[in-house]
Structures are given as C-alpha cells and as structure tokens.
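Report on the following structure.
The values are calculated or read from the model by the stated rules, or taken from the named source; none is laboratory data. In this text the structure is predicted, and so the values were computed from the model without any measurement. Ideal geometry is used to build each Cβ from the backbone, glycine not excepted, and the neighbour counts take in all protein chains shown. For the accessible areas, the whole protein counts, side chains as well, though only heavy atoms, and no ligand, DNA or RNA atoms are used. Shrake-Rupley method; radii C 1.70, N 1.55, O 1.52, S 1.80 Å.
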Amino acid sequence: GSLAVAAMLAAGRPIGTIVVTRDPGGDSFTDDDVALLTLLADRATLAIEAAGLLAAERRSRELAEDALRSKDEMLRLIAHDLRNPLAVIQGYAELAKRLVPEGSGTQRFADRLDRIAANARRMARLLAGLVDAAVLRASQPLELQVQEIDLRDLLTSLAEEYRACYSELNLETRLPTEPLRGSYDVARMQSVFANLLDNAIKYSDPGAPIRID
C-alpha cells in the first residue's frame with residue numbers, strides 16, 4: 001500500500017494531519033498527489049482558523065453586549081434613585097424662595113435659591129437623557145408623553161433656567177408674537193433645546209451673546 005501525510009500548521013503550530021492511504025497493489029502517491037494533499041491541508045487549516053476566529057468574535061460580541069446591558073441597567077437604577085432627592089432639592093429651594101421676605105439684601109439669597117432649583121432641574125433632565133439612551137440602545141421604543149404646548153413658553157422657561165444657572169450668561173430671546181403651538185413631549189423638547197444651548201455656551205467665547213431666535 002501507499003501512505004501520504006500532510007501536516008496542518010497554524011502559526012507554525014501543528015493542529016492536526018490529513019492522512020490518505022491506498023490499497024495494497026495500488027499506485028504509489030506521486031509528487032503531484034502530495035502537493036495536492038498539502039494544498040488541501042493548508043485550506044483546511046485556514047477554514048478551521050476562520051471558524052475559530054468567528055466563534056471568538058461572536059463570544060466577544062456577546063460579552064460586550066452583556067456588559068452594555070449591565071451598564072444600562074445600572075444607569076437606570078442610578079437615575080431612578082437620584083430623581084426623588086433632586087425633586088426634593090428643587091422643591092425646597094422653590095419653597096424657600098417664596099418664604100424669603102421682599103426687601104433690600106434678600107435678592108442675592110433669592111437668586112442663589114433660583115440657581116439651586118435650576119441646577120436640580122438640569123440634573124434631572126440629564127438623568128432622563130441617560131435613561132432614554134439606555135432604552136434606545138436596547139432597541140426599545142421611547143414612551144412619549146405628548147401634549148399641546150406653546151414652544152414660546154417652553155423656550156422662555158428654559159432661558160430663565162439658564163440665566164439662573166449662569167450668572168454671566170449673555171442670553172437673548174427673540175420669540176414671535178404669534179403662538180408656536182404643537183403637540184410635543186415637553187421633557188424631551190426641553191432636552192433638545194438644552195443640548196443646543198449647552199453647545200452654544202461651550203463653543204462661544206466667554207461673555208459672547210447667545211440668542212434664541
């Protein structure tokens with residue numbers, strides 16, 4: 001009989017062999033037969049390596065997705081736990097401002113209470129944005145709370161909040177006299193305009209005018 005063996009080498013490391021035999025009395029393997037067997041061994045090695053890489057990639061992707069889900073769940077828990085304290089901070093700041101007597105010397109204190117309440121609202125909005133991002137990454141739909149509002153009121157309120165947060169902010173509003181009514185999710189529309197304002201503040205020179213028009 002005749003025997004031909006081709007080694008399967010991956011990065012110089014043997015991972016197996018291909019063995020071919022012929023019955024006794026048969027022709028011996030030629031050099032061309034050996035070359036073909038070597039080629040088959042090389043192709044089989046490549047296929048095994050590719051399958052291993054694919055499995056490793058799939059496992060890495062699964063681990064990354066699990067880690068992302070764990071992180072998103074942690075964000076949701078943190079956001080949920082922080083909402084109530086922020087609401088308490090905002091509520092007490094607004095209550096304290098109403099209790100401050102009018103008169104000289106109290107305006108500065110009232111302004112600081114406004115700043116506390118405004119920053120609590122901003123923090124709550126940022127937390128809500130983190131939760132929304134986690135929901136979208138999980139390919140889940142956002143639950144919108146739609147109601148009819150006048151965008152002028154929303155923008156005016158947001159501008160007042162930012163003026164309270166940034167004492168040196170040069171913010172102008174030029175809003176139309178006619179209503180800008182429509183059906184919106186108020187919290188998410190606030191987030192949209194707040195993001196635009198944050199970018200305007202971040203990329204403008206200190207003291208430069210920022211206008212809502």
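Within region 129-148, can one find any residue that is more than 16 Å from residue 198 (Cβ to Cβ), buried (at least 16 other Cβ atoms within 10 Å of the Cβ), among the basic types (Lys, Arg) and touching a residue at least 24 places away in the same chain (Cβ under 8 Å)?
Within region 129-148 (the criterion being more than 16 Å from residue 198 (Cβ to Cβ), buried (at least 16 other Cβ atoms within 10 Å of the Cβ), among the basic types (Lys, Arg) and touching a residue at least 24 places away in the same chain (Cβ under 8 Å)), the answer is no, since none of the residues qualifies.
In region 97-112, is there at least one residue being open to solvent by less than 60 Å² (accessible area, probe 1.4 Å), at pLDDT 85 or above and in a helix (DSSP H, G or I)?
Within region 97-112, not a single residue is open to solvent by less than 60 Å² (accessible area, probe 1.4 Å), at pLDDT 85 or above and in a helix (DSSP H, G or I).
Checking residue 89 against (1) at pLDDT 85 or above; (2) aliphatic (A, V, I, L, M); (3) surrounded by fewer than 13 Cβ atoms within 10 Å (Cβ to Cβ), which test does it fail?
Single failed check for residue 89: (3).
List the residue pairs whose Cβ atoms are under 7 Å apart, where the first residue sits in region 70-81 and is under 8 Å from residue 131 (Cβ atoms) and assigned to a helix (DSSP H, G or I), the second is β-branched (Val, Ile, Thr) and open to solvent by 80 Å² or more (accessible area, probe 1.4 Å), and the two are 6 or more positions apart or on different chains.
If the second residue must be β-branched (Val, Ile, Thr) and open to solvent by 80 Å² or more (accessible area, probe 1.4 Å), no pairs are left.
Report, by residue number, each residue of region 113-136 that is modelled with pLDDT under 85 and either of a type in the set (Asp, Glu) or not in a helix (DSSP H, G or I) (or both).
132
For residue 187, only one of the following conditions fails: (1) without any contact (Cβ under 8 Å) to a residue 60 or more places away in the chain; (2) under 25 Å from residue 89 (Cβ atoms). What is its number?
(1)
So residue 60 clears everything in (1) surrounded by 11 or more Cβ atoms within 10 Å (Cβ to Cβ); (2) under 28 Å from the mean Cα position of the chain (by Cα) except one condition, right? Which one?
(1)
Suppose the filter is free of Cβ contacts under 8 Å to residues at least 40 places away in the same chain, of a type in the set (Gly, Ala, Ser) and either under 24 Å from residue 139 (Cα atoms) or open to solvent by 60 Å² or more (accessible area, probe 1.4 Å) (or both); does residue 41 pass it?
Here the answer is no, as residue 41 does not meet what is asked.
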